[in-house]
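Accompanying notes for the structure given below.
The values are calculated or read from the model by the stated rules, or taken from the named source; none is laboratory data. Computed from a predicted structure; not experimentally measured. Every residue, glycine as well, gets a Cβ built from its backbone with ideal geometry; the counts of neighbours run over all protein chains shown. Areas reflect the complete protein model, heavy atoms only, side chains present, ligands, DNA and RNA absent. Shrake-Rupley method; radii C 1.70, N 1.55, O 1.52, S 1.80 Å.
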Amino acid sequence: MADTQHGPSGDISYDGPPDYRAVGRHGVYPETSHDEIARFNFLAQMNRHLSTKLMPGVSEAFETRIEPKRETAYETRHQVRKDLVKDPLFQWWSALRRATMENRQQAGRWVTLRQAEALNAKVHELTDGDPRLKLDPDFTLPRGVCAIDHHCMPGSYHFENTPGDITGPANYDAGIFATTGGMLGRFNDGGGVAVAEWVKKNLGADFKPKRILDLGAGLGHNVLPLAEAFPNAEIIAVDAAGPMLRYGLARAKTMGIENVTFIQGDVASLSQFEDESFDWVQSTMFLHETSYKTMPMIFAETQRLLKPGGIVLHVEQPQYSQDMPLFEQAMRDWDAFYNNEPFWTKMHEIDLDDWMVKAGFAKDDLIHGGVAAIVDPDIFPSAAEDTEQEDYGRKAAWHVIGARKSA
Amino acid sequence: MSDIDPLKLAGAKAKGKRPWFFEDADVERVMNITLALMQEVAVVRERLDTVERLLERDGAVTREAIESYTPSKSEADERGLMMQEYIARCLRILQQDREALTRGKEASSEEVADEFARTD
Ligand SMILES: C[S@@+](CC[C@H](N)C(=O)[O-])C[C@H]1O[C@@H](n2cnc3c(N)ncnc32)[C@H](O)[C@@H]1O
């Protein structure tokens, strides 16, 4: 990069997160001051430093002083983790990673809470009375959503400081750049963009979905790219958390995306939708926030809701297969135990194919694939090309497991 | 006035028992405070960089100009590098811990002194 040669660092070329100002601003994006941006920049760089400079040291510690001390071979990833937590390098990396996450939450919450009134007013004006927002005042939150605050996010996805408050999702939206070091692209939708492209490439030109259901859609980061890729389709985004849906509709509208309806519901029981009424059921980075009790219900609902010939796709980090080294499995469990993602560890150890078959999909109809975030590579770091950053469970590359319902 | 107190709520604790990694939790508390200070110095450093660039460009600086400043791609890269250099400096001790790991057993100065004092 010739144009960086005049800086204080001489002629080293830059490889890292873009400036926060490269993040896309939709109409309800919180305002950020110069120093708030600088704080997010630091946090993104800090996460990048932890994953590229310190995390490799954990595997070196494992190879040089942890595993050699063990008398019998490891049998489970939990044995590996129990030894890792005694190692000083793992402790420092973990303590810094946890602290960086807590600082990121504080930074993002400060940004959104200080402008709560204005943000809430704007979002209400955009969504009140809009039939594409269907909230259920009597809704009981599933235990999977409210047992613990996911990724150290106080109030998780659902909490409202005042009725209809959306500062929670606004914080999630404004700070995800810092957690991922910009790997998800301008609108943090690189995963969804990749899914849409994958579907077009792998399911052929004759796959023209008219009705698409997104499970656990959150504030819609990854469902809007589907709505854009299939502008004539009707998209239904279901989530348990009211604030995510309200913010999601406002965000979509200001981005000019009009074909998504946001519905509050528990995706384990979707009796409001008729049998065989969807061409495509999608979930993105969602299954790890459910439970063994609800997953079969979700898979069975999916099977019921799909039209014959319709497809379901779940996008997730890879499962802990037999071929995955136990060290890698233990590292991938980090977010489960230390970043409030408790079901992550249990979800990743099961045989998803088997669970899909038990829900009624034929083994021959299962679909497998992989996607990496698609971003503007001139500005954002590209996970597909990035070999330096493994970052285990946080890498912007996922597996696709799904099925086509027999016609 | 809104009922929301941003300062109090921004730093609220997330639900779920917090994991601690160091044997002495006080070490981890001090590390957390140090990291927060490191972050705030980074913020000041970035602001100073903005001020310098505005002064170079305009010969004057206002708070409004600071708020609306957007670095070009090459300026952003320079600032990114500056931040990486800064973090590497602050976390130097951990880099060295990592290097020590892969270097195998190294002699201490006491051992080397003894070696140098031998005449046999
Ligand atoms: C990690 S977020 C993923 C959001 C989104 N798919 C994306 O890619 O950005 C998981 C979402 O699932 C929702 N969720 C968890 N369990 C649910 C359930 N049983 N029914 C509906 N939504 C649920 C949460 O409220 C949360 O918004």
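Structural remarks
- Apart from one condition, A:R186 fits all of (1) assigned to a loop (DSSP other than H, G, I, E, B); (2) over 22 Å from A:D239 (Cβ atoms); (3) free of Cβ contacts under 8 Å to residues at least 40 places away in the same chain; the exception is (3).
- In the set B:D114, B:D3, only one residue is assigned to a loop (DSSP other than H, G, I, E, B) and more than 19 Å from A:H34 (Cβ to Cβ); that residue is B:D3.
- Test: residue in segment B:56-65 that is at pLDDT 95 or above, facing chain A (nearest Cβ under 9 Å) and within 18 Å of A:Y20 (Cα to Cα): no
- Unmet criterion (only one of (1) buried (at least 23 other Cβ atoms within 10 Å of the Cβ); (2) more than 10 Å from the ligand (Cβ to nearest atom)) for A:V223: (2)
- Of the helices (runs of 4 or more DSSP H) lying entirely inside segment A:319-407, the ones with 2 or more residues being exposed (fewer than 15 other Cβ atoms within 10 Å of the Cβ) and either without any contact (Cβ under 8 Å) to a residue 24 or more places away in the chain or among the charged types (D, E, K, R) (or both) are found at A:352-358.
- For segment A:134-174, a residue qualifies if it is in contact with a His (Cβ under 8 Å, 6 or more places away or on another chain) and among the small types (G, A, S), and the qualifying residues are A:S156, A:G164, A:G168.
- Checking each residue in segment A:177-188 for being open to solvent by 30 Å² or more (accessible area, probe 1.4 Å) and hydrophobic (A, V, I, L, M, F, W, C) picks out only A:F187.
- Residue that is farthest from the ligand (Cβ to nearest atom), among those in segment A:189-217 that are crowded, with 24+ Cβ neighbours inside 10 Å and closer than 22 Å to A:G27 by Cα: A:G190
- One residue stands out in segment B:18-55 among those that are outside any helix (DSSP H, G or I) and at the interface with chain A (Cβ under 9 Å from one of its Cβ atoms): the one that is surrounded by the most Cβ atoms within 10 Å (Cβ to Cβ), namely B:F21.
- The condition of being within 14 Å of the ligand (Cβ to nearest atom), in a helix (DSSP H, G or I) and either under 17 Å from the mean Cα position of the chain (by Cα) or not charged (D, E, K, R) (or both) holds for only one of A:N171, A:N120, that being A:N171.
- Residue check, B:R89 closer than 17 Å to A:G57 by Cβ and open to solvent by 50 Å² or more (accessible area, probe 1.4 Å): no
- Residues being open to solvent by 80 Å² or more (accessible area, probe 1.4 Å), within 14 Å of another protein chain (Cβ to nearest Cβ) and polar (S, T, N, Q) - total across segment A:109-153: 0
- For A:A178, the conditions (1) in a helix (DSSP H, G or I); (2) within 13 Å of the ligand (Cβ to nearest atom) are fulfilled apart from (2).
- Tally, over segment A:161-176, of residues that are surrounded by 24 or more Cβ atoms within 10 Å (Cβ to Cβ) and hydroxyl-bearing (S, T, Y): 2
- Screening segment A:282-315 for residues that are within 16 Å of A:V199 (Cβ to Cβ) and within 10 Å of the ligand (Cβ to nearest atom) and picking the one that is farthest from the chain's Cα centre (by Cα) gives A:Q282.
- Answer from A:Q45, A:Q106 - the residue that is open to solvent by 60 Å² or more (accessible area, probe 1.4 Å), within 7 Å of chain B (Cβ to nearest Cβ) and closer than 30 Å to B:V51 by Cα: A:Q106
- The one condition from (1) at pLDDT below 95; (2) out of contact with any His (no Cβ under 6 Å at 6 or more places or on another chain) that A:I298 does not meet is (1).
- Of all residues in segment B:70-82 being in contact with a Lys or Arg (Cβ under 8 Å, 6 or more places away or on another chain) and either more than 7 Å from chain A (Cβ to nearest Cβ) or within 20 Å of A:K53 (Cα to Cα) (or both), the one that is most open to solvent (accessible area, probe 1.4 Å): B:E75
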